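A short worksheet on the structure shown next.
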Amino acid sequence: MGSVTTFQSEAPLHPAAAEFLGDAFARGWADPSKIHQESRKVALLLNEAKEVYCQHLALRHEQINFLGEPSLGFHLGISGLITNDSTLYHSAVDRSEVFAVASAIRSEVLPVDITGQYSVPTGTQSDLITYQSINGETGIPGVVPNNFAGKVFIEASPLISLPQKWSSALWDARSWNGPEGLGILGIADKGWVNPLPHNDSRVTPGSFSTPLAIAGAIALENYVSDFNAHESKIRALNAKIRNFLLTQIDDVDIAGDLETALPHLLSFSLLYVDAQLLVDELDKSGYAVDSGSACNSMNMQPSHVLAAMGLLTHGNVRMSLRADHSEMEIDKFLSTLKDLVLKIRH
Amino acid sequence: MELDCRGMRCPIPIIKLAHALKTEAIVRLLSDDPATLPDITAWARMTGNSFTRINNETFDVKREN
């Protein structure tokens, strides 16, 4: 087996966080709410982790809720703000979890144009709108709902500052190479009510792993500083790929442009190319990529994000770029890609 | 002409459509693949051709160049 260059979205846990977790699980773990020495030490560590989240996610201590199941945060964050008078507005490129929550309440989908933009309605005070700070497939930022009269739920990223006005915000630790199984739900709205069966309407489930919460903070600190240090390099790699696609391969549909999109994500579709075949052939050549085409998805449906933007859904390739990708690796990848596309199209 | 691609998965209907339009000016495409509607829309934009959606599975496609 040769080495594999991965452009897939799942990045390994940051080494510093992995080291901490290994150590934590080897030593056993005390309950931070008890009052003996080990517990106090754990409580202290958890408190320090909260400080990191406060600083990097711009949250106040009392706004932080850890979740053991990040995707539950869509229901908690959205349904917890909905009243009988509310309409939920969400964009056509929101995650499927948002569509799932929306299907149970009065809601309206906001259609997007080919650049991923949409117009924000005015709404009323009891309405709710979602704001996706970065689209996870295309890297395109959502539209900040500045003039919306109602509440705002954010699918948040540590790379984009929270807007001035927000009601609830959800982060998944995997978005900063943190551990799986850790979500952070920020709640700013005093009117939020736990939508799950509850004993205390103000409290989220609270079933999370303390070691993961601490490891997530370690990963977050490292991710943000790495991103800031390497953003220009990653942007240059992204620009190089886009330029190659536009000049060296015919009939390529690239999502968004680099002026507005975050540089670590890239999605493009190749006309007349079977994505499953291309992904398999790239894999055999030592490259792992993701795809939003129907043949690569579990339910055989094309990516709703590409379809909503009016972009080609077949022949889709999705890449995540990281600082440890070298320019030479990208060059080799692009030449392999070009050969394969010519071969598949023949 | 009528091009029946029902039962075929993406990108085959679009490939067959492009092939048929090399000799035909107007093609009626029948396809039940869920990717066909978004893909025929994107294909028409990218290649400068046009189509009319008759129903969920029927598309009248016209070669424009």
*Out of the residues in the range B:1-59 that are in a loop (DSSP other than H, G, I, E, B), in contact (Cβ under 8 Å) with a residue 12 or more places away in the chain and at the interface with chain A (Cβ under 10 Å from one of its Cβ atoms), state the one that is surrounded by the most Cβ atoms within 10 Å (Cβ to Cβ).*
B:11
*asked:* Which of the numbered conditions does residue A:85 fail, given that it passes all the others? Conditions: (1) surrounded by fewer than 21 Cβ atoms within 10 Å (Cβ to Cβ); (2) in contact with a Leu (Cβ under 8 Å, 6 or more places away or on another chain); (3) charged (D, E, K, R).
replied: (2)
*residue A:326 passes all but one of (1) over 20 Å from the mean Cα position of the chain (by Cα); (2) more than 23 Å from residue A:230 (Cβ to Cβ); (3) among the hydroxyl-bearing types (Ser, Thr, Tyr); which number fails?*
(2)
*Criterion violated by residue A:257 - all others in (1) more than 9 Å from chain B (Cβ to nearest Cβ); (2) part of a strand (DSSP E or B) satisfied*: (2)
*asked:* I'd like to verify a number: residues in the range A:274-323 that are within 14 Å of chain B (Cβ to nearest Cβ) and assigned to a loop (DSSP other than H, G, I, E, B), how many?
replied: 17
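No lab work stands behind these numbers, since they all come straight from the coordinates. Bear in mind that the values here come from a model prediction, so they are computed numbers and not experimental data. Virtual Cβ from ideal backbone geometry, glycine too; neighbours counted across all protein chains shown.
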